[in-house]
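The values are calculated or read from the model by the stated rules, or taken from the named source; none is laboratory data. What you are looking at is a predicted structure, and each value in this text was computed from that prediction instead of being measured. When we count neighbours, we look across all protein chains shown, and the Cβ atoms used for this are built from the backbone with ideal geometry, even at glycine. The area values use the complete protein model at the heavy-atom level, side chains included, leaving out ligands, DNA and RNA. Shrake-Rupley method; radii C 1.70, N 1.55, O 1.52, S 1.80 Å.
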Amino acid sequence: ALQAQAWVGFVFLLLLIVLVLVGASKADREITSSISTLLVGVVVLFSTGLGWIINHQHEQIKHRVSHTYKVLLDSRLSSAFQERYSDMVAVYPTGTKLLKKDVSAFIYNNPLDAEKFKALNGASYLLDFYEFIASGIESNDLDSEFLYQNARGFVCGMFDKSTYLIEAARKKGQPKAWIQLENLVSKWDDKYDVDPQNRAQTKKTGSQQS
């Protein structure tokens, strides 16, 4: 945005120079020469400043992408992430959803098989991680484009897998549970619409699983 504003300012300055020179051409030649020299100096200074702004923005982008790569790699390779992920897919393999009855037992502390408890605890951990990612994108600490290209499938897939867990946590008293993740998924995956009334995430088709 800053770079675009700088270019608009540069174009405006060039137009102003043209208008001044056209007006000055009708006046004294010495005045015209002085004005031309002054305006050339202004253009040089402005161009230098514009170049610095563009270079600074490029450096910021490079730093943000590098930081994003490190955060993503370090987290995904961590023993905690790997363990929680393994716990989850051992019970709910890739491509399946967390079961509604299991989620209900997990949220309300009802009797639940130990492996299922570990799996749902793992799912909660992964949702927290992707909520952290979404918050980082929102605050511009993490690079959105890099993550879109490299993590979109994981992020949207995890959200889709965990819809019952998200809904149950919100009904239990956490109305904003994983809300940043929800907002990110609504931008990245066009099969979702966000209900502005209750922030519930639903598919456009309106289909539900029991």
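Below, the figures for the structure above:
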quantity: Filtered residues of segment 150-166 (kept if modelled with pLDDT under 95 and either open to solvent by 60 Å² or more (accessible area, probe 1.4 Å) or of a type in the set (Gly, Ala, Ser) (or both)); calculated: Asn150, Ala151, Arg152, Gly153, Phe154, Gly157
quantity: Some residue of segment 110-121 being under 17 Å from Gln180 (Cα atoms), among the polar types (S, T, N, Q) and open to solvent by 30 Å² or more (accessible area, probe 1.4 Å); calculated: no
quantity: Residue that is farthest from Phe154 (Cα to Cα) [pool: residues in segment 130-143 that are free of Cβ contacts under 8 Å to residues at least 60 places away in the same chain and surrounded by fewer than 20 Cβ atoms within 10 Å (Cβ to Cβ)]; calculated: Ser139
quantity: Odd one out for Lys70, checked against (1) free of Cβ contacts under 8 Å to residues at least 40 places away in the same chain; (2) under 17 Å from Thr163 (Cβ atoms); (3) surrounded by fewer than 12 Cβ atoms within 10 Å (Cβ to Cβ); (4) not small (Gly, Ala, Ser); calculated: (2)
